[in-house]
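Student: Sharing a structure with you now.
The values are calculated or read from the model by the stated rules, or taken from the named source; none is laboratory data. Since we're looking at a predicted model, the values are computed, not measured. Positions of Cβ are backbone-derived with ideal geometry, glycine not excepted, and every protein chain shown enters the neighbour counts. What goes into the accessible areas is simple: the full protein's heavy atoms, side chains included, and nothing from ligands, DNA or RNA. Shrake-Rupley method; radii C 1.70, N 1.55, O 1.52, S 1.80 Å.
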Amino acid sequence: MLIRPPGFRGVAFTTAAAGDMLSGDREVVSGALGIRSEWASLRQVHGADVLTATKPGRAGPGDGLVTGAPGLPLAVMTADCAGVVLETESAVGVAHAGWRGVVAGVVAATARRLEGLGRRPGPVLRAAIGPLIGPCCFEVGPEVAVLFRDRHVKSTGGMTTVDLATAIREQVPHAEWWSVEACTRCEEDWFSFRADRTKHRLAALGWIP
């Protein structure tokens, strides 16, 4: 139901078994994690705007959210896009990283905002990527492929795909990275908009215990 990356202070990713994180299934997840059931979140717009959260609820339109407030869970919702969680020594941030957000630099922008927060401002130490559509399935047209570097683009059997996870890691190269090794499109246990146009969403959660 939940994935907890080892070595992180407060990070979790949900699976489809945890239910739709846009609905009332959050209470069970919060109870299992020992966090409050009211999360801070965003009206996700596939860009690179980053907001600071000081209380639960929607912080506004954007795709990056950071806080230095202990006990406040941050969440982004995904169903093929990547949910990314970043930790400094005393602050946490989350980013919703689809291809548009990655091209716009949303993960790097979240890291920059995060590094000025907390009791002890400092660099991003750890970063985790949740389940996302993999290069096996993320087929794109030439107008999208040209926006990525050559090492992010693969051509196999007449299909052009993009490796979003690699592009994401390169936006914060100094961090220690961990990834959920899964493709939401072709593997079970996830929600995938590309697979079936689902309205259900997974959550990437970050908090300061």
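Student: Would you be able to tell me the number of residues in segment 16-37 that are in a loop (DSSP other than H, G, I, E, B) and in contact with a strand residue (DSSP E or B) (Cβ under 7 Å, 6 or more places away or on another chain)?
Tutor: The initial filter retains those residues of segment 16-37 that are in a loop (DSSP other than H, G, I, E, B), namely 19-25, 34-37.
If we keep only those that are in contact with a strand residue (DSSP E or B) (Cβ under 7 Å, 6 or more places away or on another chain) as well, we get 21-22.
Summing the residues that are in a loop (DSSP other than H, G, I, E, B) and in contact with a strand residue (DSSP E or B) (Cβ under 7 Å, 6 or more places away or on another chain) in segment 16-37 gives 2.
Student: For segment 153-196, name all the residues that are free of Cβ contacts under 8 Å to residues at least 40 places away in the same chain, out of contact with any helix residue (DSSP H, G or I) (no Cβ under 7 Å at 6 or more places or on another chain) and among the β-branched types (V, I, T).
Tutor: Listed by number, the residues that qualify are T156, T161.
Student: Still on this structure: Checking the conditions here, which among V153, V162, V140, V107 is within 26 Å of W207 (Cβ to Cβ), at pLDDT 95 or above and hydrophobic (A, V, I, L, M, F, W, C)?
Tutor: Details: V153 fails: within 26 Å of W207 (Cβ to Cβ); V162 fails: within 26 Å of W207 (Cβ to Cβ); V140 fails: within 26 Å of W207 (Cβ to Cβ).
Testing whether each residue is within 26 Å of W207 (Cβ to Cβ), at pLDDT 95 or above and hydrophobic (A, V, I, L, M, F, W, C) leaves just V107.
Student: Right, something else. Just a yes or no: is a residue in segment 169-187 more than 28 Å from K55 (Cβ to Cβ), surrounded by 16 or more Cβ atoms within 10 Å (Cβ to Cβ) and small (G, A, S)?
Tutor: For segment 169-187, residues more than 28 Å from K55 (Cβ to Cβ), surrounded by 16 or more Cβ atoms within 10 Å (Cβ to Cβ) and small (G, A, S): present.
Student: Looking at (1) in contact (Cβ under 8 Å) with a residue 40 or more places away in the chain; (2) under 27 Å from P173 (Cα atoms), can you tell me which one S30 breaks?
Tutor: (2) is the only condition that S30 fails.
Student: Does A59 fit the bill of being within 14 Å of A203 (Cβ to Cβ) and among the aliphatic types (A, V, I, L, M)?
Tutor: Details: within 14 Å of A203 (Cβ to Cβ): no; among the aliphatic types (A, V, I, L, M): yes.
Spelling it out, it is not the case that A59 is within 14 Å of A203 (Cβ to Cβ) and among the aliphatic types (A, V, I, L, M).
Student: Residues that are touching a strand residue (DSSP E or B) at 6+ places or on another chain (Cβ under 7 Å): find the strands (runs of 3 or more DSSP E) completely inside segment 81-199 holding 3 or more of those. Write out each step before concluding.
Tutor: Working: elements: 82-87, 92-97, 126-129, 153-156, 159-162, 176-179.
Correct list: 82-87, 92-97, 126-129, 159-162, 176-179.
Student: Please verify whether segment 44-54 includes one or more residues that are farther than 18 Å from G130 by Cα, of a type in the set (V, I, T), in a loop (DSSP other than H, G, I, E, B) and in contact (Cβ under 8 Å) with a residue 60 or more places away in the chain.
Tutor: no
Student: Are any residues in segment 21-53 open to solvent by less than 60 Å² (accessible area, probe 1.4 Å) and within 28 Å of V103 (Cβ to Cβ), and if so, which ones?
Tutor: Of everything in segment 21-53, those that are open to solvent by less than 60 Å² (accessible area, probe 1.4 Å) and within 28 Å of V103 (Cβ to Cβ) turn out to be M21, W39, A40, S41, L42, Q44, G47, A48, V50, L51, A53.
Student: Still on this structure, I have one more. Among the numbered criteria (1) open to solvent by less than 50 Å² (accessible area, probe 1.4 Å); (2) touching an Asp or Glu at 6+ places or on another chain (Cβ under 6 Å), which single criterion is violated by L164?
Tutor: With (1) open to solvent by less than 50 Å² (accessible area, probe 1.4 Å); (2) touching an Asp or Glu at 6+ places or on another chain (Cβ under 6 Å) applied to L164, the lone miss is (2).
Student: With respect to the numbered conditions (1) modelled with pLDDT of 95 or more; (2) over 24 Å from R197 (Cβ atoms); (3) among the charged types (D, E, K, R), which one is the sole condition not fulfilled by R43?
Tutor: Condition (2) is where R43 drops out.
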